[in-house]
Each structure stands twice: as C-alpha cells, then as structure tokens.
Amino acid sequence: MKRISLTLATLLLAGAAQAQVSIHDPWVRGTVPQQKATGLFMNIDAAQDVRLVAGQSPVAGVVEVHEMVMDGDVMKMREVKGGLEIAKGRTMNLKPGGYHVMLMELKQTLKGGDMVPVTLTFEDIASKKRFTQELKAPVTALGGGNAAPAMQHGKH
C-alpha cells in the first residue's frame, strides 16, 4: 500500500511540475546538408515565475537558449546566461530575431515534415526546483510559412 501511495504522489508531483508551463506552436527551421545549427521557436505560458535554463535533443549535441541583440549597427546572437525568465501569467514568444532555442552540432539534416523531440529544463524561480517538459516540434521546410530570413550565428 505504501508503494502505491508513493507512486501516486510521485505522479502527482510530476504532473504539477509540468502544469507550470504550457508550450504552444513549437517549430524548428529546416536545414540544408552540412548545416550544423538551427532554431527552435515556440510560445511558452507559465503558471509560476520560471526560468528556461537548458535543453536536450537526440538530433543536437548542444541545446542552448539564445537571444538576438544589437551591438552597434550589427545584430548578434548570444547565449542567455542563467536562463530566460518567464513571468507568471505572461506568454514568452520565442521567435526568429528574438529569444529562441538553438539546436547546435546537428547530427542530421532536418527536413520539412520531420518531428524533432526536445526536452526543455525549467527552474521554478521561487523554489529553485527544476523540472522538464518534453515536446515534439515539427520542422518547417526552408522557405515555409514560419520561416524568417536566416539568422547570423557567428561561431555556430
């Protein structure tokens, strides 16, 4: 009986953690052969103040949260150190030209129609507890509906 209660409690806690964020309309920009990086975009709603701190995917050796910033007259991309804060009750729009998740050291070409599994790690800002959210993002073919002009990725 104790084992069943512990299992049920674990499942309820896992469900509560995942309920802290909702991910909508995820998509990944398609790539060309030999391309080693691309972006993952989505909208994230948070029920608590959270921070997007990390990610992983079987299609990429490195997954990082990035932002685009102006440096003089040049738009540059950089990692968001410490994670991206998402305020309770607000939607964070990760989009081309703004905040986004970089999939780097790609292990394969990503074509329109593919589905990319990604696990994102969030931190509850108040409790400092971390939890993960899994998603599958469809790949939008180059020149597809969501695609924006190619981002400059510097060293990527």
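Residue count for region 59-81 satisfying the condition of being in contact with a strand residue (DSSP E or B) (Cβ under 6 Å, 6 or more places away or on another chain) and under 22 Å from Val139 (Cα atoms): 10. Does Thr38 count as hydroxyl-bearing (Ser, Thr, Tyr), surrounded by 13 or more Cβ atoms within 10 Å (Cβ to Cβ), on the phi < 0 side of the Ramachandran plot and assigned to a strand (DSSP E or B)? Yes, satisfied. For first residues located in region 88-117 and within 16 Å of Glu67 (Cα to Cα), partners that are assigned to a loop (DSSP other than H, G, I, E, B) and of a type in the set (D, E, K, R) and lie 6+ apart or on another chain with Cβ distances below 9 Å form the pairs Met104/Lys36. Within region 51-69, one or more residues are over 16 Å from the mean Cα position of the chain (by Cα) and surrounded by fewer than 19 Cβ atoms within 10 Å (Cβ to Cβ). Considering only region 78-86, I want to know if a residue exists there that is among the acidic types (Asp, Glu), modelled with pLDDT of 95 or more and either exposed (fewer than 12 other Cβ atoms within 10 Å of the Cβ) or part of a loop (DSSP other than H, G, I, E, B) (or both). Scanning region 78-86, I find no residue that is among the acidic types (Asp, Glu), modelled with pLDDT of 95 or more and either exposed (fewer than 12 other Cβ atoms within 10 Å of the Cβ) or part of a loop (DSSP other than H, G, I, E, B) (or both), so the answer is no. Return yes when Pro96 is surrounded by fewer than 17 Cβ atoms within 10 Å (Cβ to Cβ), assigned to a loop (DSSP other than H, G, I, E, B) and at pLDDT below 90 and no when it is not. No, not satisfied.
The values are calculated or read from the model by the stated rules, or taken from the named source; none is laboratory data. A quick note: this is a predicted structure, and the numbers were derived from the prediction, not measured. Cβ: placed from backbone, ideal geometry, glycine included. Neighbour counts: every protein chain shown.
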